[in-house]
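To start, the structure under review is shown below, and the notes come after it.
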Amino acid sequence: MADIIKLLPDHVANQIAAGEVVQRPASVVKELLENAIDAGSTTIKLIVKDGGKALIQVVDNGIGMSETDARLSFERHATSKISSAQDLFNLQTKGFRGEALASIAAIAHVDMQTRTESKEVGTQLKIEGSKIVFQDVVATPIGTSISVKNLFFNIPARRNFLKSNQVELRHITDEFHRVALVHPNIEFHFYNNGSEIFNLPKSKHRQRIAHIFGSKMESRLVPVNEETEVVKISGFICKPEFAKKSRGEQFFFANNRFIKSPYLHHAVVAAFEGLIKQDMYPGYFLYLDVDPASIDINIHPTKTEVKFDDENTLYAILRSTIKHSLGQFNVAPVLDFDHDPNLDTPYAYKEKGATLPKVTVDPTFNPFQNTSTGRSSGGSFQKKSSKGWEGLYEGLESDVDIEAFSSVAIESEGEVQGTFYSDTDLEEHLATTFQLRRKYVVSTVKSGMLVIHQNRAHERILFEKFLGEITVKEGVSQQLLFPLELNFSKQELVILKEIKDSLTNIGFAFESLEEETVKVTGVPLVVPESGIGTVLDRLIADYQDGFTDGSLSQAEVLAKVLSKNLAVRTGESLDQESQQALVNNLFACKEPNLSPFQKLTYTIISEGDIDKKFS
Ligand code: ADP
Ligand code: MG
């Protein structure tokens, strides 16, 4: 057989390599920013258009390049940063592979202008698909400006694979944060479609964090500092009460590189144990300094995973350091976990007069065990106001008739009646539903036993309610007596503006959305005053995440986010009236059987199934 192996031509090899380095516009941003930092810049500008699809430009005031270097910089494995393999173990720079520019130039139209201090004029180069198509001298400031246009122009499949501009912008912003957070001594400007979305002056770490995430962040930070033989840890954690439902403000940097480490994340979470709820994430900005020889960042050019020599020790040190900080700043013991701001009394109920005390069904009460010996717990008094979330159901009347219920609690009816009730309506409520393990609402229907997942069912109900309100603009708004001032970062403001109309439709009212401080003057009935900030924060975070699925309308995304954040949770105890409302309103929905997240909301265990158990 004839020899068949051939060497790939350079431009093909470059294109293949580019696939590794450049996955999306954000990858280009990362490489260009890192090069600008390696060049010793003190001011860096990032300019982006259409989520980076039309333009990514980075302008720096670093050392620049000579004419020869400018040409060489686009060759593969051309780097000024290492000269021997040994250098790999003591890297001081971000780059070292000499691959980035070659890769980018292989799949885009690149225009570079660069000048060193020693020269009066600089060099301009234009490269398209690895070919230099233009070179000339140019009058340009000291430093380098690289603009990348028409990314993936010669790989349509990759171009089509890109997400919406908004999603790509979000990835770019993430990269920008990661870089800006480790270099507070460098001034950054970030322009998107002509408007400046970040202006970060040279500062200290703490201010840098606040400049990026909004001034409200500053007071939430607790410093972390520890120095051991293995590692030096510095940075900040967020106070536990500001833990969030969504991920996003968790940052580890090892030797000034952003890294991802589920293992170390766990160490932080472990230090917060008992201080935040299970499904909440603490915010943190932690900078680890280790001996460069003890860390392998070399696993993959674009991956952020790392390997530390002694992870277990690192874990232990990190955990105890954070515990120490939490203790030292006295943020540990003051939290009240039973208080869920989402379940504060809705306004509708504040207005109402006091009602009779009611029975809360004992969550461990099992009606099938119920015999003439009676229930061990007759229930306890519960103040109406503490769990008045059934106000959420107002205006959503059921017209579906669930069968009149009889069996579930019938045996206890008699004894409970005399003891607790004077209001005859209530007996009927008690007879119809009960709550199982603060998770399910159980009731009967003709065919058997109805078991409703309270959280998912409520999500469905709220989803349809909000969707209706957003699209027909009839959400009931509660005017706030004293407008609430909330702080948002620039990025959050951009999103807030985007969803403002929908928010207004469901009952939010804002005075102005131009400044970091936003005045909220009205809120939907279902949002408790104490939870407005949290709800808006989550809304923004979830909205960003949810939008990656381009098939959903804005109204749907918002309705989903709202329902997710406002629905009653598993673990909440519901009084009779709430249970009843849940059943009725669920079956008044257009699609009662699935939650907005496509999960089953209820099931019916047929009489036949139950009979079988007894056969
Ligand atoms: P690496 O950063 O791994 O060395 P790159 O392909 O990113 O590889 O860059 C190649 C070389 O081009 C760098 O080593 C550096 O010498 C030069 N270079 C790239 N960007 C800049 C810049 N903004 N300012 C000065 N030199 C640069
Ligand atoms: Mg580089």
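The values are calculated or read from the model by the stated rules, or taken from the named source; none is laboratory data. All values reported here derive from a predicted model rather than from experimental measurement. Ideal geometry is used to build each Cβ from the backbone, glycine not excepted, and the neighbour counts take in all protein chains shown. Ligands, DNA and RNA are excluded from the accessible area calculation, which covers all protein heavy atoms including side chains. Shrake-Rupley method; radii C 1.70, N 1.55, O 1.52, S 1.80 Å.
Solvent-accessible area per residue for the stretch 10-200 at a 1.4 Å probe radius, Å²?
44 Å²
When the Karplus curve 6.51 cos²θ - 1.76 cosθ + 1.60 is applied with θ = phi - 60°, which whole-Hz ³J(HN,Hα) does each residue of the stretch 500-509 get, with x for Gly and Pro?
4, 4, 5, 5, 5, 4, 8, x, 6, 9
Between LEU8 and HIS266, what is the FRET efficiency for a Förster distance of 41 Å, r being their Cβ-Cβ separation, to the nearest 0.05?
So the FRET efficiency works out to roughly 0.45.
Can you tell me the length gained on complete extension of the stretch ASP279 to GLU516, counting 0.36 nm per residue apart and subtracting the Cα distance? Don't jump to the answer; show the numbers that get you there.
On the way: separation 237, 0.36 × 237 = 85.32 nm, distance 2.85 nm.
Net length gain for the segment: 82.5 nm.
Hey, any idea what % of the stretch 434-604's accessible area is carbon plus sulfur with a 1.4 Å probe?
Percent of accessible area from carbon and sulfur atoms in the stretch 434-604: 50.
Taking 35 Å as R0, compute the FRET efficiency from the Cβ-Cβ separation of VAL451 and GLU474 and round it to 0.05.
Details: r = 33 Å, r/R0 = 0.94.
Efficiency, from the Cβ-Cβ distance: 0.60.
Give the long-range amide H neighbours of VAL138: residues separated by 5 or more places, or on another chain, with amide H under 5 Å away, using H modelled in the peptide plane at 1.01 Å from N.
GLY122, THR123, GLN124
Pull up all non-local amide H partners of GLN250: gap of 5 or more, or a different chain, and H-to-H distance under 5 Å with H placed in the peptide plane.
Here the answer is TYR284, since their amide H atoms fall under 5 Å of that of GLN250.
Would you kindly derive the ³J(HN,Hα) couplings of the stretch 456-468 from the backbone phi angles with the Karplus curve 6.51 cos²θ - 1.76 cosθ + 1.60 (θ = phi - 60°), listing them in order in whole Hz, with x for Gly and Pro?
5, 5, 5, 4, 4, 4, 5, 4, 5, 4, 5, 4, x
By how many nm would the segment from LEU594 to THR504 lengthen if fully extended, with 0.36 nm per residue of separation less the alpha-carbon distance?
Result: 29.7 nm gained on full extension.
Could you give me the ³J(HN,Hα) list for the stretch 27-41, computed from phi with Karplus coefficients 6.51, -1.76, 1.60 and θ = phi - 60°, whole Hz, x at Gly and Pro?
Taking θ as phi minus 60°, the curve returns 5, 5, 4, 4, 4, 5, 5, 5, 4, 5, 5, 4, 7, x, 5 Hz for the stretch 27-41.
Once both labels are modelled 7 Å past Cα along the beta-carbon direction, what's the ASP310-SER118 spacing in nm?
Going from the ASP310 label point to the SER118 one covers 4.5 nm.
If you find the alpha carbon centre of the stretch 516-545 and of the stretch 237-296, how far apart are they in angstrom?
Going from one Cα centre to the other spans 25 Å.
Quick one: Cα centre-to-centre distance for the stretch 17-63 and the stretch 116-155, in angstrom?
Between the Cα centres of the stretch 17-63 and the stretch 116-155 lies a distance of 13 Å.
Suppose R0 equals 60 Å. What FRET efficiency, 1/(1 + (r/R0)^6) with r the Cβ-Cβ distance, do SER215 and ILE604 give to the nearest 0.05?
0.70
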